[in-house]
Amino acid sequence: MNKREFLVQLRKGLSGLPQDDIEERLSFYSEMIDDQMEEGFSEEQAVAAAGPVDEIVKQAVAETPFVKIAKKRIKPKKRLGVGKTLLLVLGSPIWLSLGLAAFAVVLSLYAVLWAVIICLWAVFVSLGACAVGGVLMSIVQAICGNGDTALVMLAASIVCFGLTVFAFYGCKAATKGCFMLTREIAICVKRCFIKKEEA
């Protein structure tokens, strides 16, 4: 792919973002390709070094503030007629309540997801506390002369310590996955607001 084709595809992918953001990205990648070519790369190599267009578009959408996208999308292009305004007002008890209910359901599911993550971390902390408490209790039992009980408490604390290690990696992976899901949801919501230009 040559530079012109790359920039055309990039412009098409970025359509729907604010115009100044589109021009800024196009200018940046055009200069980057030119700099690569000045360093001795062929045009195709310079374009390939810029990266896939889809990834660039995804990154641009992720970095553009939601408010900026929504402001551009929601800004009315023309005034609504009396009939449309009347329909909006009369239908508002239905569409507004349905929209709020859908938003509440999605928000509650998201809150439940984070509540599960918090519970997983609580289990991790509990296992760690049990491991430390088991070691301390085994020392106390050994001092009191209860060797069998001390041995059982030490074994239980070793098991808890092992479970703590596994729980840490599980909690870390679950938290990272939840953050990635949050990022993907934000990008999807932004994309819903981006109106693609007609080809």
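Relative to the current alpha-carbon distance between ILE118 and ARG79, full extension at 0.36 nm per residue lengthens the span by 9.3 nm. Taking square-rooted eigenvalues a ≥ b ≥ c of the alpha carbon gyration tensor, is the chain rounded, prolate or oblate, where a/c under 1.5 means rounded and, failing that, a/b exceeding b/c means prolate? Oblate.
With R₀ set to 41 Å, the beta-carbon distance separating VAL89 from ALA174 gives a calculated FRET efficiency near 0.35.
Going by a ≥ b ≥ c, the root eigenvalues of the Cα gyration tensor, does segment 117-178 fall in the rounded group (a/c under 1.5), the prolate group (a/b larger than b/c) or the oblate group? Prolate, because a/c is 1.5 or more and a/b exceeds b/c. Rounded to the nearest 500, the 222 nm mean residue ellipticity of the chain from helices alone is -30000 deg cm²/dmol, with -39,500 (n - 2.57) taken per DSSP H run of at least 4 residues. Looking at segment 9-42, the chymotrypsin sites (Phe, Trp or Tyr not before Pro) that sit in a DSSP loop and have at most 15 other Cβ atoms within 10 Å of their own Cβ are PHE41. For the chain, CYS119, CYS144, CYS171, CYS178, CYS188, CYS192 have no disulfide-compatible partner, since no other Cys C-beta lies under 4.7 Å from theirs. Take the alpha carbon gyration tensor of segment 3-64, find the square roots of its eigenvalues, order them as a ≥ b ≥ c, and report rounded if a/c is under 1.5; if not, report prolate when a/b exceeds b/c, else oblate. It comes out prolate by the Cα gyration axes. Within the chain, the longest run free of exposed loop sites, counting trypsin sites (Lys or Arg not before Pro) that sit outside DSSP helix and strand states (H, G, I, E, B) and have at most 14 other Cβ atoms within 10 Å, spans 80-194.
Where in segment 1-65 are there GluC sites (Glu not before Pro) that are in a DSSP coil and have at most 16 other Cβ atoms within 10 angstrom of their Cβ? Don't skip to the answer; put the middle values down first.
Numbers: sites: GLU5, GLU23, GLU24, GLU31, GLU38, GLU39, GLU43, GLU44, GLU55, GLU63; in loops: GLU39.
Within segment 1-65, the qualifying GluC sites (Glu not before Pro) (loop, at most 16 other Cβ atoms within 10 Å) are GLU39.
Model label points for ALA111 and ILE139, set 7 angstrom from Cα along the Cα-to-Cβ axis, are 4.3 nm apart. Label separation (ASP54 vs ALA104): 3.9 nm, computed from points 7 Å beyond Cα along the C-beta direction. One chain, two ends: THR182 and ARG11. Fully extended at 0.36 nm per residue, the span grows by 58.9 nm beyond their Cα-Cα distance. Within the chain, helices built from complete DSSP H runs that reach 18 Å or longer along their own axis (Cα positions) and carry a mean Kyte-Doolittle hydropathy of 1.6 or higher are 82-143.
Where a number appears in this text, it was derived from the coordinates with a stated rule and is not lab data. It should be emphasised that the depicted structure is a prediction, and the values quoted were computed from it without experimental measurement. Please note: Cβ atoms are built from the backbone with ideal geometry, for glycine as well, and neighbour counts cover all protein chains shown.
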